[in-house]
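Chemist: My questions all concern the structure below.
The values are calculated or read from the model by the stated rules, or taken from the named source; none is laboratory data. In this text, all values refer to a predicted model and were calculated from it rather than measured experimentally. When we count neighbours, we look across all protein chains shown, and the Cβ atoms used for this are built from the backbone with ideal geometry, even at glycine. Heads up: the accessible areas ignore ligands, DNA and RNA and are worked out on the full protein's heavy atoms, side chains in. Shrake-Rupley method; radii C 1.70, N 1.55, O 1.52, S 1.80 Å.
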Amino acid sequence: MIDTPDRHPALQPRLLGSMDLANRLAVAPMTRISATPEGVPTELMADYYAEFAAGGFGLLITEGIYPDAAYSQGYLDQPGLVTQEHIAGWRAVTDRVHAEGAHIVAQLMHAGALSQGNPHRAETLAPSAVQPRGTMMAAYGGSGPWPLPRETTGDDIAEVIEGFAAAARNAADAGFDGVEVHAANGYLLDQFVTEYTNLRTDQYGGSTVNRIRLTAEVVERIAAEAPEGFTVGVRVSQTKVNDVVYRWSGGAEDVVVIAEALAKAGAHYIHVASEGRSWFETAQLADGSTVTGLAREVSGLPVIANGGMHDRDQAARVLAEGHADFLAIGHVALANPDLPRRLAAGDELAEFDPAMLRPSVTIESSIRWRQAG
Ligand SMILES: Cc1cc2nc3c(=O)[nH]c(=O)nc-3n(C[C@H](O)[C@H](O)[C@H](O)COP(=O)(O)O)c2cc1C
């Protein structure tokens, strides 16, 4: 494809880890709780992911997938990557996505204290026995306060790491191009990073270097075992599903410690999420630099920015000013699965309607919304 001066910079191809991506546009990870009760991906899910691939997205990041049959599952009908049935279900998804010329990574998510539906365990796990802020999310099938979690022991931590490693092996068997370790948005690994949910006094608590340690150990283990050409990314964030105003208290110093630890662990990219806020609002630092830009500089790794990246001007600015290399798009991708094609053609984007995710965030809700429109 010939680049013209008015072509949007997000449409340029680029390598991310081992993935030769058609453009800088990724579908952000979005939980859709549309698997079977046993966590097996369905044909409807394959259709859903294939539509983004056909719509021109270079990369698809899956919804958060639970990596073990112990404490990790967050939601009923969330997909897993634990059993042979899970692997076979995901194989159908990755085949469809690859047939459209896109790449796909599996987001591995341990919900920790924010689990609100887990048939495998009655209790939840967290770095410390701290009551999570806020209440469970109704659109994901929960209600009322989160349960008080149990503090993880050393054995639990070893099991968590083993679970992520096994799920990454299963992801490779299912045909994924890589995995993204979910250390953002308030789930288990982020609970370790966050000061008020991590009151530990061992090597996993206290300093920022200690609080990012579990994430780094998970990434390191997966990267060490990854087959040739398998990409290992990691997603971090300051904001959380149950706390959109939290910011790392160390500011730029925390960004440096976190980005260095993740690069040293062998991550191939860093994805910085904005939960419910725009990129600039969550990324700006006191000195005028940004979390994404600084993480990129310190780690030397490609960075994916997120939060309102469907805005053409902001997207162009983020790439042109070196704040990030890739852009992950959530809500508006749901309304525009063909967003890259629309951007290339200069077409208007359809507006996201929150009714698409009501009464629950399932794919069926979105289909009903489309049929009604
Ligand atoms: C329905 C829905 C489900 C989401 N599920 C996940 C998830 O499983 N993992 C994750 O890291 N982020 C999840 N997110 C957050 C998005 O990846 C993204 O960070 C957020 O929507 C902000 O980006 P946007 O402004 O482009 O929408 C979800 C968002 C939505 C709307």
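Chemist: Taking the stretch 143-189 only, how many residues are hydrophobic (A, V, I, L, M, F, W, C) and part of a strand (DSSP E or B)?
Modeler: Of the residues in that region, 4 qualify.
Chemist: Quickly run through the stretch 59-97 and pick out the residues that are among the acidic types (Asp, Glu) and either part of a loop (DSSP other than H, G, I, E, B) or more than 16 Å from residue 167 (Cα to Cα) (or both).
Modeler: Selection gives 68, 77, 95.
Chemist: So, of the residues in the stretch 128-139 that are away from the ligand (no atom under 16 Å from the Cβ) and part of a loop (DSSP other than H, G, I, E, B), which turns out to be farthest from residue 71 (Cα to Cα)?
Modeler: Selected residue: 133.
Chemist: Related question: Need pairs with beta-carbon distance below 7 Å; first residue over 17 Å from residue 249 (Cβ atoms) and within the stretch 193-222, second of a type in the set (A, V, I, L, M, F, W, C) and open to solvent by 50 Å² or more (accessible area, probe 1.4 Å); sequence gap 6+ or separate chains.
Modeler: none
Chemist: Out of all the residues in the stretch 190-234, which are assigned to a loop (DSSP other than H, G, I, E, B) and in contact with a Phe, Trp or Tyr (Cβ under 9 Å, 6 or more places away or on another chain)?
Modeler: 194, 195, 196, 198, 200, 204, 205, 212, 230
Chemist: Please go through the stretch 99-124 and pick out each residue that is buried (at least 16 other Cβ atoms within 10 Å of the Cβ) and in a helix (DSSP H, G or I).
Modeler: Within the stretch 99-124, 112, 113, 114 meet the criteria.
Chemist: Examine the stretch 325-332 for a residue that is assigned to a helix (DSSP H, G or I) and modelled with pLDDT of 95 or more, and state whether such a residue exists.
Modeler: Checking the stretch 325-332: at least one residue is assigned to a helix (DSSP H, G or I) and modelled with pLDDT of 95 or more.
Chemist: Name the residues in the stretch 281-313 that are within 16 Å of the ligand (Cβ to nearest atom) and in a loop (DSSP other than H, G, I, E, B), would you?
Modeler: 307, 308, 309, 310, 311
Chemist: Residue by residue through the stretch 253-302, note down the ones that are among the polar types (S, T, N, Q), surrounded by 24 or more Cβ atoms within 10 Å (Cβ to Cβ) and modelled with pLDDT of 95 or more.
Modeler: 290, 292
Chemist: Would you point out the residue of the stretch 314-327, among those that are within 15 Å of the ligand (Cβ to nearest atom) and surrounded by fewer than 24 Cβ atoms within 10 Å (Cβ to Cβ), that is nearest to residue 11 (Cα to Cα)?
Modeler: In this case the residue turns out to be 315.
Chemist: Name every residue in the stretch 343-363 that is more than 10 Å from the ligand (Cβ to nearest atom), in a loop (DSSP other than H, G, I, E, B) and either basic (Lys, Arg) or open to solvent by less than 60 Å² (accessible area, probe 1.4 Å) (or both), in order of residue number.
Modeler: 346, 349, 350, 353, 358
Chemist: Which one is farthest from residue 345 (Cα to Cα) among residues in the stretch 1-58 that are over 20 Å from the mean Cα position of the chain (by Cα), assigned to a helix (DSSP H, G or I) and of a type in the set (A, V, I, L, M, F, W, C)?
Modeler: Among them, the one singled out is 44.
Conditions tested, residue by residue: (1) farther than 26 Å from residue 17 by Cα; (2) open to solvent by 30 Å² or more (accessible area, probe 1.4 Å); (3) within 14 Å of the ligand (Cβ to nearest atom); (4) touching a residue at least 40 places away in the same chain (Cβ under 8 Å).
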| position | (1), (2), (3), (4) |
| --- | --- |
| 126 | yes, no, no, yes |
| 141 | yes, yes, yes, yes |
| 155 | yes, yes, no, no |
| 160 | no, no, no, yes |
| 171 | no, no, no, yes |
| 180 | no, no, yes, yes |
| 189 | no, no, yes, yes |
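Chemist: Which residue out of 328, 324, 350, 355 is hydrophobic (A, V, I, L, M, F, W, C), within 23 Å of residue 235 (Cα to Cα) and touching a helix residue (DSSP H, G or I) at 6+ places or on another chain (Cβ under 6 Å)?
Modeler: Selected residue: 324, the only one of 328, 324, 350, 355 that is hydrophobic (A, V, I, L, M, F, W, C), within 23 Å of residue 235 (Cα to Cα) and touching a helix residue (DSSP H, G or I) at 6+ places or on another chain (Cβ under 6 Å).
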